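Chemist: A single structure is presented below for examination.
What follows is calculated from the coordinates using simple rules that are stated; it is not laboratory data. Everything quoted here is computed from the prediction, not taken from an experiment. Because the Cβ atoms are built from the backbone with ideal geometry, glycine has one as well, and the counts that use them run over all protein chains shown.
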Amino acid sequence: MIKIQNSSNLPLIDYRELIELQPNSFKDLTEKNFEKLSNSFKVHGFITPYFVWIDKGKHYILDGHQRKRVLSRLEPNGLEVPFLEIKAKSKKEAAEKLLAIDSHYGKRTSEGEQEFIDIFEITDGYLEEVAVLEFEYVEEDEKPQKDLSDGIDNDFEVVITCLNEKDQEATFNKLQKEGYDCKILTL
């Protein structure tokens, strides 16, 4: 059973009673990230309450859709989890607040992410099993080397638009294995 963190004594609800406000197509959860979130529950327990809008006795998820996906597989018989009510006058306002909660106003940089990992001595095992990073790190001596210049000193840039996070991850990993210097851009 997953350990529940609720030090603020927030109200509890069986996650199965929560209704998704966003459509399933709104976000993609790769199998790799599904496993990482599952591992996070196993390592840390359930640490972040759901953000919920209550309308006519129904509890709609504003934040926590992916956690519900994982819980439905790990705890199919239900689990009482903490939630924080977010007030909204209408479904439209609730949807706007969902977008505000879900927006990533600050963007990580590869240098800042690596500095964070170094300062706090985050292990490779934790990064592989639990954390979802913006940038994948490969040791220079592990990176395949390929001469792509054909004697030309110019650098060229190619931008690839991917269908979803899974496609982006696969394309990024494939190109890196082939020796290309890749960066992930989010717009």
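Chemist: Using Cα-Cα distances under 8 Å and only pairs 6 or more residues apart, what relative contact order does the chain have, in percent?
Modeler: 24 percent
Chemist: Got a sec? Charge dipole of the chain, +1 on Cβ for Lys and Arg, -1 for Asp and Glu; which of Phe26, His59, Ser40 is way out at the positive end?
Modeler: Sorting the options by dipole projection puts first His59.
Chemist: For each of Cys162, Cys182, count neighbouring Cβ atoms within 10 Å of the residue's Cβ, then give the residues from fewest to most.
Modeler: Cys162, Cys182
Chemist: Output the Kirkwood hydrodynamic radius of the chain, Cα pairs only, in Å rounded to one decimal. Could the numbers behind the result be given before it?
Modeler: Values: mean 1/r = 0.0517 Å⁻¹.
Here the Kirkwood hydrodynamic radius works out to 19.4 Å.
Chemist: Using the structure shown, list the pairs from Lys3/Lys92; Lys58/Lys183; Lys36/Lys89; Lys3/Lys183; Lys32/Lys87; Lys3/Lys97 with a Cα-Cα distance above 32 Å, or answer none.
Modeler: Lys3/Lys92; Lys58/Lys183; Lys36/Lys89; Lys3/Lys183; Lys32/Lys87
Chemist: Which is the longest part of the chain that has none of the GluC sites (Glu not before Pro) sitting in a DSSP loop with at most 12 other Cβ atoms within 10 Å?
Modeler: Longest stretch, sites excluded: 1-120.
Chemist: Which value in deg cm²/dmol, rounded to the nearest 500, describes the helix-derived mean residue ellipticity at 222 nm for the chain, given -39,500 (n - 2.57) per DSSP H run of n ≥ 4 and division by the residue count?
Modeler: Rounded to the nearest 500, the figure is -10500 deg cm²/dmol.
Chemist: Please find, in a Gaussian network model of the chain (springs between Cα atoms separated by less than 10 Å), the residue of Leu12, Leu79, Leu163 whose mean-square fluctuation is greatest.
Modeler: Maximum fluctuation in the GNM of the chain, among the listed residues, is at Leu163.
Chemist: Which percent, nearest 5, of DSSP beta bridges in the chain are antiparallel? Write down the numbers at each step before the final one.
Modeler: Working: 8 of 15 bridges.
Taking every DSSP beta bridge within the chain, about 55 percent pair in antiparallel fashion.
Chemist: In what sequence do Val158, Val52 fall when counting other Cβ within 10 Å, fewest first?
Modeler: So the residues, fewest neighbours to most, are Val158, Val52.
Chemist: Here's something else I'd like to know. If neighbour count is taken as other Cβ atoms inside 10 Å, put Ile119, Ile184, Ile86 in order from fewest to most.
Modeler: Ile119, Ile184, Ile86
Chemist: What share of Cα pairs, in percent, lie more than 23 angstrom apart in the range 12-102?
Modeler: For the range 12-102, the fraction of Cα-Cα distances above 23 Å is 21 percent.
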